[in-house]
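Notes follow once the structure below has been shown.
The values are calculated or read from the model by the stated rules, or taken from the named source; none is laboratory data. Predicted model, so just to flag it, every value in this text is computed and none were measured. Note: ideal-geometry Cβ built from the backbone for every residue, glycine included; neighbour counts use all protein chains shown. With ligands, DNA and RNA removed, areas are computed over all heavy atoms of the protein, side chains included. Shrake-Rupley method; radii C 1.70, N 1.55, O 1.52, S 1.80 Å.
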Amino acid sequence: MAQNQRSVIADALLGWYDAHHRELPWRVPPHQIARAVQPDPYRIWLSEIMLQQTTVEAVKPYFAKFVAQWPDVTALAVAPEDDIMKAWAGLGYYSRARNLKKCADFIAADLGGIFPDTEEGLRTLPGVGPYTSAAIAAIAFNRPAAVVDGNVERVFSRLFTVTTPLPAAKKEIHRLVSDVLPHDRPGDFAQAVMDLGATLCSPRRPKCMLCPLKEMCLALKEGEPELYPIKAAKPEKPVRRGAAFVAVRHDGAILLRKRPGRGLLAGMSEPPNTDWTARQDGETSATAAPFEGDWQYASTIKHVFTHFELRLDVFRADCVDENMPQDWWWSLPETLLSEALPSVMKKAIEAAIPAATKRLLSPAKPN
Ligand code: SF4
């Protein structure tokens, strides 16, 4: 790519970003990074881990809660893991929360509470992969790292009409981003491309007439930018089945237990449920309940995990609290929100309980 073309793209993007950047709680305004006023790497790291597989709007309240409760990495390192899991509950992909704790422990104990300031150094941290290390290096430390997430893949595959299907195109897109990124403002550049992808260059109906890159965009010239990025066909996810048993006490409390410390949703809370099996004849009826009761079928919920889709038959029974295993517990409606319940288990409980408790689990958003 010619030097001139590179700087025309970078200048157009940065000019647009200076005027139209999104205000985000973990972000410093444009130019601050280049002026050596560094953003807080703790906040950038925390936001980037939260934003993996999750939207900005979903992350905002969690980010506010975390920085209020644990304002720096040392505070997070001394926090009990159970408290972190509870604060994370609902954000999904819970291994991220466990890695968050491991990473905070490592930085506090082995690095004196200081984040590494290079992409290579950041890669050594637990839970920090190639994307996240590049993002923190660029945004927090203004290192010329190519930051490529889904938004960036979309913008660059359209800008240069990349015909290789994703994920095979990742290397090519990474090279294009490396070619274009300006070494004086790499942090702002990374955030500019992310913002463009999130606000104008959307998956469907991109707002090309408002785009600072419209004169250079090859996909727009072709006439159908939505054709990009080209994606390889995804294989269908296998289906697993199971049953969940929501036992409700006279005061509305719900019986919970803790999942094993390893494996999917490790250490999270749940109502008792069966194994999740790919077999169609697996035991998912009321006869699989952990104890006798007037189990009534409530409904079947679906939840999509990374590698499979779960269909969970939900049963409910009104119970008294006798002869329960010692490490199970009753959670009152007003304490349910603070339990470390993964989304799939919230869905299961919501399917079985009265509307009042439902509102406690999923409170209405303020206007
Ligand atoms: S012109 Fe349209 S397709 Fe091309 S980068 Fe801009 S918004 Fe995306």
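Taking the Cα centre of the stretch 159-204 as origin, sum charge times position over the Cβ atoms of Lys and Arg (+1) and Asp and Glu (-1), and report the length of that vector in debye to the nearest 20. Walk me through the intermediate numbers first.
Values: 5 positive and 5 negative charges, 46 e Å.
So the dipole magnitude of the stretch 159-204 works out to roughly 220 debye.
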Checking Pro272, Pro229, Pro167 against a Gaussian network model of the chain (alpha-carbon springs below 10 Å), the top fluctuating residue turns out to be Pro167
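Given the peptides 187-193, 335-341, arrange them by the average over their residues of other C-beta atoms within 10 Å, most packed first.
Top of the packing list down: 187-193, 335-341.
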Checked the stretch 191-309 against the a/c 1.5 cut and the a/b vs b/c comparison, axes a ≥ b ≥ c from its Cα gyration tensor; verdict prolate
Here the Cα Rg-to-2.2 N^0.38 Å ratio for the chain is 1.14
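Give the peptides 199-207, 94-102 in descending order of average Cβ contacts within 10 Å, highest first. Each step should come with its number before you reach the end.
Values: 199-207: 15.0, 94-102: 18.3.
In decreasing order of mean packing, 199-207, 94-102 become 94-102, 199-207.
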Percent relative contact order for the chain, counting Cα pairs under 8 Å at least six residues apart, stands at 16
Carbon/sulfur accessible area of the chain, % of total, 1.4 Å probe, equals 53
Put Val320, Val239 in order of accessible area, largest first, probe 1.4 Å, and you get Val320, Val239
Heavy-atom accessible area with a 1.4 angstrom probe orders Thr161, Thr132, most exposed first, as Thr161, Thr132
Rounded to the nearest whole number, the per residue volume of the convex hull around the C-alpha atoms of the stretch 112-231 in Å³ is 108
Descending packing, highest mean Cβ count within 10 Å first, for 45-56, 297-308 is 45-56, 297-308
Given the candidates Ala266, Phe308, Ile353, the one whose Cα lies deepest towards the positive end of the charge dipole of the stretch 239-361, counting +1 at each Lys or Arg C-beta and -1 at each Asp or Glu C-beta, is Phe308
Helix 3-20: inclination vs the chain longest Cα principal axis, degrees, rounded to 10, gives 50
Most fluctuating of Ser269, Ser285, Ser133 in the GNM of the chain (C-alpha, under 10 Å) is Ser285
For the chain, the dipole about the Cα centre with charges only on Cβ (Lys and Arg +1, Asp and Glu -1), to the nearest 20 debye, works out at 840
So the angle from the long Cα axis of helix 41-51 to the longest Cα principal axis of the chain, reported in degrees to the nearest 10, equals 60
If one compares the long axis through the Cα atoms of helix 343-352 with the longest principal axis of the Cα atoms of the chain, the angle in degrees, nearest 10, works out at 40
Once the in-chain neighbours fewer than 8 apart are removed, the aspartates and glutamates whose Cα is under 17 Å from Lys237 read Glu309
Averaged over all viewing directions, the convex hull of the alpha carbons in the stretch 239-361 casts a projected area in nm² of 7.3
Over the Cα atoms of the stretch 179-236 the radius of gyration and the largest Cα-Cα distance (Dmax), both in Å, equal 13.5, 44
Note, Ala104: beta-carbon cut-off 15 Å, +1 each Lys/Arg, -1 each Asp/Glu, net -3
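Which pairs break 24 Å Cα to Cα here: Lys101/Lys171; Lys170/Lys347; Lys60/Lys102; Lys102/Lys171?
On the way: Lys101/Lys171 31 Å; Lys170/Lys347 35 Å; Lys60/Lys102 22 Å; Lys102/Lys171 30 Å.
Among Lys101/Lys171; Lys170/Lys347; Lys60/Lys102; Lys102/Lys171, the Cα-Cα distance tops 24 Å for Lys101/Lys171; Lys170/Lys347; Lys102/Lys171.
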Under the rule rounded for a/c under 1.5, else prolate if a/b exceeds b/c, else oblate, using alpha carbon gyration tensor axes a ≥ b ≥ c, the stretch 1-143 is classed as prolate
Farthest towards the positive end of the dipole of the stretch 3-227, among Val155, His21, Ala109 and with Cβ unit charges of +1 on Lys and Arg and -1 on Asp and Glu, lies the Cα of Val155
Length-normalised contact order of the stretch 1-138, Cα under 8 Å, at least 6 apart, in percent, tallies to 20
